[in-house]
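Student: Structure provided below as structure tokens; questions to follow.
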Amino acid sequence: MSAFADLLEKTIAAADIACLRIAGDDAARISTIAKPLLPLAQDQGVAVLFDDADLALKLRGDGVHLADPMLLTKARRTVGSDAIVGVACPLERHAAMEAGEAGADYVQFQPGTASDDLDLIAWWTEMMTVPSVVAGKFSQESARAFVAAGADFLAPDPSIWATPDAVAAIAALLS
């Protein structure tokens, strides 16, 4: 087992992980990375998403995470109705609403920690049924504030995996 697969396995055991996103656009590299991680995550009930719909389908991932909401319809046709299609949205209500109405399974916001960002998450939670994901670098306090505002999921910045004790850092954010 690779060092990262071992770290992922420990993290899944320590925290409530809903999803693993294997990001990147180099299909050969992503395929190599995904090979040991897909079964490990999926066997534990953790969805695995890719940045490319064709690659998600080929590797039998659970879905796709899109950086561009305009690709939602094409991605949905590619991965099918049972797969997850999530969309990163700007901190702007209209674009997020359009993504939700177009069939996104979640919208991801990448705010800072300003009160306006918390207000957006609170508004989204009150007005919309599409789950929200808040992505970024979090302190325990900011993670708790976003969850208290109504964020359905947190997506810590990938740099968290490079911290001295990634398992503890991730578990602390998600506790």
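The values are calculated or read from the model by the stated rules, or taken from the named source; none is laboratory data. Because the structure is a prediction, the values reported are computed rather than measured. Using ideal geometry, Cβ is built from the backbone for each residue, glycine included, and neighbour counts are taken over all protein chains shown. To get the accessible areas, we keep the full protein, side chains included, count just its heavy atoms, and leave off ligands, DNA and RNA. Shrake-Rupley method; radii C 1.70, N 1.55, O 1.52, S 1.80 Å.
Student: Could you work out the relative contact order of the range 1-131? I mean the mean sequence separation of Cα pairs under 8 Å and 6+ apart, divided by the number of residues, in percent.
Tutor: 15 percent
Student: To the nearest 10 square angstrom, what accessible area does F153 show with a 1.4 Å probe?
Tutor: Result for F153: roughly 90 Å² accessible.
Student: Which lysines have a Cα less than 29 Å from the Cα of K74, not counting those fewer than 8 places away in the same chain?
Tutor: Answer for K74, where 29 Å is the Cα cut-off: K35, K58, listed by chain and number.
Student: Report the net charge of residues surrounding A151, where surrounding means a beta-carbon distance below 11 angstrom and charges are Lys +1, Arg +1, Asp -1, Glu -1.
Tutor: Counting the neighbours of A151, the net charge comes to -1.
Student: What longest region of the chain stays clear of trypsin sites (Lys or Arg not before Pro) that DSSP places outside H, G, I, E and B and that have at most 16 other Cβ atoms within 10 Å?
Tutor: Free of exposed loop sites, the longest segment is 61-136.
Student: Under the rule of -39500 (n - 2.57) per DSSP H run of 4 or more residues, summed and divided by the residues of the chain, what mean residue ellipticity at 222 nm is obtained, to the nearest 500 deg cm²/dmol?
Tutor: On the way: 8 runs with 84 residues, N = 175.
Dividing the helical sum by the residues of the chain leaves -14500 deg cm²/dmol.
Student: Using the Cβ atoms and a cut-off under 14 Å, what net charge is assigned to the surroundings of V167, where Lys and Arg are +1 and Asp and Glu are -1? Please list the in-between numbers first.
Tutor: Numbers: positive: K10; negative: D6, E9, D16, D165.
Local charge sum for V167: -3.
Student: Keeping all protein chains in place and using 1.4 angstrom, which order do C19, C89 fall into by accessible surface area, from largest down?
Tutor: C19, C89
Student: In square angstrom, what is the accessible area per residue of the range 118-175 with a 1.4 angstrom probe?
Tutor: I get 51 Å² per residue for this part.
Student: Further question on the same structure: Report, to the nearest whole %, how much of the accessible area of the chain belongs to carbon and sulfur atoms, 1.4 Å probe, protein only.
Tutor: For the chain, the apolar C and S fraction of the accessible surface comes to 54 percent.
Student: Sequence-distant or interchain residues sharing an amide H contact under 5 Å with D51, placed H: which?
Tutor: Here the answer is G24, H65, since their amide H atoms fall under 5 Å of that of D51.
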